[in-house]
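Step one of this worksheet: look at the structure below.
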C-alpha cells in the first residue's frame, strides 16, 4: 500500500474513532462522547454492535501491514470495552472513559510514525498479557485444587 492509500485509510479510521468516541461535546465540560458509549446503553446488543464497528479498525490495520502483536493489543482494547461494557451501570460509566477506538487509532498513528518502537512495545504487552493469563489460570487451578481437597478431607473424616 502506497503512502497516499495509507493516508486515505488513516483519515477514514480517524473519522471512525472520532464518531465512535468523541463527536459530541458535553456542554459545560471538556468531556466528549461518541456512538460507542451511547450504543452501550442498550444492554448486550449495543455493546456487540459497538464491538463489530470497532473491529473494522483492526481489519484495516491488518491491511496496512500492522504486526500481529499490535493487532492483538488493539483487539484487547475492544475486548475490554465489550466485556466491561456489558456490566450494568459500571460498564456504561466505563464506556464513556475507555474509548477503545481512539486508543487503537493512536496505536496505529504511533506505529506509522515509529514502527520499530511500537512493535517492541506491543510485543512486550503481549508477553505481559500471556504471563498474566497463565498466572491467573495457575492461581485459579490452585484455588480449585485446595477447595476440592478441603471438601474431600471434610468428607473423609
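The values are calculated or read from the model by the stated rules, or taken from the named source; none is laboratory data. Bear in mind the structure is a predicted one, so any value in this text is a computation, not a measurement. Cβ sites come from the backbone with ideal geometry, for glycine too, and all protein chains shown count toward neighbours.
Tabulated data
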read-out: Filtered residue count, the stretch 95-120, keeping only those that are touching a residue at least 12 places away in the same chain (Cβ under 8 Å) and assigned to a helix (DSSP H, G or I); value: 16
read-out: The lone exception for residue 136 - which of (1) at pLDDT 95 or above; (2) surrounded by 19 or more Cβ atoms within 10 Å (Cβ to Cβ) it fails; value: (2)
read-out: Residue 17 being surrounded by 13 or more Cβ atoms within 10 Å (Cβ to Cβ), within 30 Å of residue 127 (Cα to Cα), without any contact (Cβ under 8 Å) to a residue 60 or more places away in the chain and within 16 Å of the chain's Cα centre (by Cα); value: no
read-out: Filter result (buried (at least 19 other Cβ atoms within 10 Å of the Cβ) and either in contact (Cβ under 8 Å) with a residue 24 or more places away in the chain or in contact with a strand residue (DSSP E or B) (Cβ under 6 Å, 6 or more places away or on another chain) (or both)) within the stretch 34-45; value: 34, 36, 37, 40
